[in-house]
1. So for the chain, averaging the separation of alpha carbon pairs under 8 Å that are six or more residues apart and normalising by length, what relative contact order in percent results?
2. Return the long-range amide H neighbours of Tyr103 (sequence gap of 5 or more, or a different chain), with a cut-off of under 5 Å between placed amide H atoms.
3. In the stretch 27-85, what trypsin sites (Lys or Arg not before Pro) fall in a loop by DSSP, with at most 15 other Cβ atoms inside 10 Å?
4. Tell me the per residue accessible area of the chain using a 1.4 Å probe; a whole number in Å² is fine.
5. Have a look at the DSSP beta bridges in the chain and tell me what percent are antiparallel, nearest 5.
6. Whole-Hz Karplus ³J(HN,Hα) for the stretch 39-44, in order, using 6.51 cos²θ - 1.76 cosθ + 1.60 and θ = phi - 60°, x for Gly and Pro?
7. For the chain, with all protein chains present and a 1.4 Å probe, just round the carbon and sulfur fraction of the accessible area to a whole percent.
8. How large is the charge dipole for the stretch 50-97, taken about the Cα centre, if only the Cβ atoms of Lys, Arg (+1) and Asp, Glu (-1) carry charge, to the nearest 20 debye?
Amino acid sequence: MLIALLQADATIAAKLGDRIHYQTIPSKSKYPHLYFARQGEDSEKLLDGTPDITEDSYVFELVDIDFDDALVTAIKSALDLDGFDYGSLTIFNSNLTGVSDDYLFRSADSDALFMNGLVLTIQLCENE
């Protein structure tokens, strides 16, 4: 779902093409690329009979030779998922923050001069 949402944006599609990678990065991936991985999931059962709430967390790494404000802005916009319906689920809250200062990038090597890390947390529930 996240790859399709990102690739649907014209700016992201033009600048990244097929260099959006989930969980693993092909050794031949060129810059710029966007790597993301799931960090965790937490589910809650509610006592009042409302649907369960699930919270998923993903870390995103945009790595490039130079800063590209248009690309960063497009990625942030594409990941604003409040109210997004995904099959039988609705994302009712999404929060995008920067990674911590001590975060170690997994998808960069010595050629990378620009690295931007984001953490996406989404809260979703089943549609009634």
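1. 26
2. When sequence neighbours closer than 5 places are left aside, there are no close amide H contacts.
3. Those that pass, being in a loop and sparsely packed, are Lys28, Lys30, Lys45.
4. Value for the chain: 59 Å² per residue.
5. Taking every DSSP beta bridge within the chain, about 90 percent pair in antiparallel fashion.
6. 9, x, 9, 9, 10, 10
7. It is 48 percent, rounded to a whole number.
8. 140
The values are calculated or read from the model by the stated rules, or taken from the named source; none is laboratory data. What you see is a predicted model, and the numbers here were worked out from it, not measured in a lab. Neighbour counts run over all protein chains shown; Cβ positions are idealised from the backbone, glycine included. Ligands, DNA and RNA are stripped out before the accessible areas are found, and what is left, the full protein with its side chains, is counted by its heavy atoms. Shrake-Rupley method; radii C 1.70, N 1.55, O 1.52, S 1.80 Å.
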